[in-house]
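J.: Dumping the structure here so I can ask a few things about it.
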Amino acid sequence: MAADGPITDPLLVTVLDTSRAAREQAVVLIDRIQEALDAAGNGPLPLEAQAEISKQQKLLNTNIAQLRGLHRSAHFKARETKGQTAEARHEVDVLHLQLQNLYYEQRHLEGEIAACESFEHTYQKLPLIPAEEFLALHPEHADDDENDLMVARINHERTEREALEQQRVELQKRKQKLIADNKKRRDDLANLDKDLEKFIDAAKPIQKLFEKVV
């Protein structure tokens, strides 16, 4: 039986299916008890009816035991998922800190540029990497004149900043995906807990009726 709603995790689907099976078995047990009581009237229950009720009770106990085991496994899996999420969140936090450092450096560079634009200066004061380092990375500009070399260095700086911005965007997307995945798992587990609480509440009258029969 397929699970209703947004729950897609295989283990949670199995828990819900087992819960439905236990509920159906409980209904069968109630029907058998009621049929036996109606047939016996004020007299004792026939041995055959008692045997059938005992059989249905054992089946219900089996389903409940299986449900408890699956529920325990679901909690263990949720705990494991929380640990993995915490590790992933830590990694994102580290990356976010690195990104903040890049932002700080970027703001620092922008401040330097603004200071240069506010005062009389020459283009050599731009915070570019040294010409020797640039030429080591791009030897094809070794024969450029001073003006062309400066243009190439400025273009290189722009490319590096665009790459940093792309990295920031990718990190933000990854963080949002981790947050969405974690929220979905929490919602799935919350729905499962609600279904289990409803089943336990529904089983209380059965227990009282069974005690009455015994």
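The values are calculated or read from the model by the stated rules, or taken from the named source; none is laboratory data. Computed from a prediction, not measured in an experiment: that's the story for all the values here. Cβ atoms come from the backbone with ideal geometry, glycine included; neighbour counts cover every protein chain shown. Protein only, heavy atoms only, side chains kept; ligands, DNA and RNA dropped before computing areas. Shrake-Rupley method; radii C 1.70, N 1.55, O 1.52, S 1.80 Å.
J.: From the cross-link list LYS77/LYS184; LYS58/LYS204; LYS77/LYS175; LYS82/LYS184, which pairs have alpha carbons spaced over 20 Å apart?
T.: Numbers: LYS77/LYS184 14 Å; LYS58/LYS204 16 Å; LYS77/LYS175 22 Å; LYS82/LYS184 12 Å.
Too far apart for the 20 Å limit: LYS77/LYS175.
J.: With +1 on each Lys and Arg Cβ and -1 on each Asp and Glu Cβ, how big is the dipole of the chain about its Cα centre, in debye rounded to the nearest 20? Could you put the intermediate results ahead of the total?
T.: Details: 30 positive and 39 negative charges, 475 e Å.
In debye, rounded to 20, the chain gives about 2280.
J.: I would also like to ask the following. With the full set of protein chains in place, find how many percent of the accessible area of the chain is carbon and sulfur; take the probe as 1.4 Å.
T.: Carbon and sulfur atoms account for 55 percent of the accessible area of the chain.
J.: At 1.4 Å probe radius, can you tell me the per residue accessible area of the chain in Å²?
T.: For the chain, the solvent-accessible area averages 70 Å² per residue.
J.: I would also like to ask the following. Which one of VAL92, ASN147, LEU60 is farthest out on the positive end of the charge dipole of segment 44-159, using unit charges on Cβ (Lys, Arg +1; Asp, Glu -1) and the Cα centre as origin?
T.: LEU60
J.: Continuing with the same structure: Once you place label points 7 Å from the Cα toward the Cβ at VAL169 and LEU11, how far apart are they in nm?
T.: Using points 7 Å along Cα→Cβ, the separation is 3.7 nm.
J.: For GLU157 paired with ALA65, estimate the spin-label separation in nm (one decimal), with each label point 7 Å from Cα along the Cα-to-Cβ line.
T.: Distance between the two pseudo-spin positions: 7.5 nm.
J.: Leaving out same-chain residues fewer than 8 places away, which aspartates and glutamates sit with a Cα under 17 Å from that of LYS183?
T.: Counting by Cα, and skipping residues close in sequence, LYS183 has these aspartates and glutamates nearby: ASP9, GLU80, GLU87, ASP193.
J.: Still on this structure, I have one more. Compute a Gaussian network model of the chain, connecting alpha carbons closer than 10 Å, and tell me which residue from GLY83, GLY41, GLY69 fluctuates the most.
T.: In the Gaussian network model the winner is GLY41.
J.: What is the calculated FRET efficiency for ILE113 to GLN176, with r their C-beta to C-beta distance and R₀ = 30 Å, to the nearest 0.05? Don't skip to the answer; put the middle values down first.
T.: Working: r = 31 Å, r/R0 = 1.03.
The formula returns an efficiency of 0.45 here.
J.: Tell me what the chain gives for mean residue ellipticity at 222 nm when only DSSP H runs of n ≥ 4 count, each as -39,500 (n - 2.57), the sum divided by the residue total, rounded to 500 deg cm²/dmol.
T.: Dividing the helical sum by the residues of the chain leaves -31000 deg cm²/dmol.
J.: Still on this structure, please answer the following. Give the residue from SER118, LEU102, ALA26 lying farthest towards the positive end of the charge dipole for the chain; charges sit on Cβ (+1 for Lys and Arg, -1 for Asp and Glu) and the dipole is referred to the Cα centre.
T.: ALA26
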